[in-house]
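Inspection log for the structure reproduced underneath, given as structure tokens.
The values are calculated or read from the model by the stated rules, or taken from the named source; none is laboratory data. Everything numeric in this text was worked out from a predicted model, so none of it was measured. A quick note on method: Cβ atoms are made from the backbone with ideal geometry, for glycine too, and the neighbour counts reach across all protein chains shown.
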Amino acid sequence: MAELREVQITEEKPLLPGQTPEVAKTHSVETPYGSVTFTVYGTPKPKRPAILTYHDVGLNYKSCFQPLFQFADMQEIIQNFVRVHVDAPGMEEGAPVFPLGYQYPSLDQLADMIPCILQYLNFSTIIGIGVGAGAYVLSRYALTGLTSSISEMILGHLFSQEELSGNSELIQKYRNIIAHAPNLDNIELYWNSYNNRRDLNFVRGGDTTLKCPVMLVVGDQAPHEDAVVECNSKLDPTQTSFLKMADSGGQPQLTQPGKLTEAFKYFLQGMGYMASSCMTRLSRSRTASLTSAASIDGNRSRSRTLSQSSESGTLSSGPPGHTMEVSC
Ligand code: BEZ
């Protein structure tokens, strides 16, 4: 994705009363399969996907989509979205004829170009509109695992859609780390193994469950929150502390290291590994009853679900009456 050309044009679309003309910007990006041109209409709308179109054979984005996108009733829909209209290579207006013997990209390769476009625009989600061959290209793209960029799929595993579309500094940092990782091929192998994992088949009360003390933590806005809640339901409640962390997405260790540290201290203390003198002043004063419930030999007779309120920073634990304040 080295080279980039941008042309700014103002569309000669008939305006509705009170409407200002929308600026269309045409870009070209280099991809592993050659350059691709696309035209962006409108501005990105926070927390909304982009509409991305792909035209049929014999057409380009304008001859394929202009009548639809300029249809009067369509305006109230499209004004809520930024639109990305892709021209298949060599189909853009004014495109030179490819040299004799030029190997045109396969439809799969055309699909593989889409992540390059999205990465360049920093868009993570799209609503695709494809016609004929364009519908095939978009369907190929949507068959995640085959054509979606590995880095975007991994980001979707690590963070919730809300976090990704919020595009905070943290998300930008991790998107950059993963997309430009020199060992991305190795990461892909780890990713493939993860996707081929076997079910752990935990059964609460059965032979196949964890017998050791477990602290299970999930952000209240994590992408796989349900799976962690289900996992908790299959663990031994007398051995398990479950913490649903407020104001936290997919990676609590990144977004809430303070709260996680505090919870980890309680967990270690429950196993007799932390003297209460190591606990923070606030925690010590508020948790005497809870911490005394776990003896030095790790005898654990309680079941605990910890849920954190975002405002007070408190941890409330079951059985009722045990409240831990988090000093972070
Ligand atoms: C649009 O507004 O998205 C649009 C305008 C002209 C042609 C195609 C699409």
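Side notes on the structure shown:
- Screening ASP199 with (1) out of contact with any Phe, Trp or Tyr (no Cβ under 8 Å at 6 or more places or on another chain); (2) crowded, with 18+ Cβ neighbours inside 10 Å gives one miss only, at (2).
- Every pair of residues 6+ apart whose Cβ atoms lie under 8 Å, when the first sits in the range 163-192 and is without any contact (Cβ under 8 Å) to a residue 40 or more places away in the chain while the second is charged (D, E, K, R): ILE171/GLU163
- Residue in the range 38-55 that is more than 30 Å from HIS180 (Cα to Cα) and at pLDDT 95 or above present: yes
- Some residue of the range 128-142 being of a type in the set (S, T, N, Q) and not in a helix (DSSP H, G or I): no
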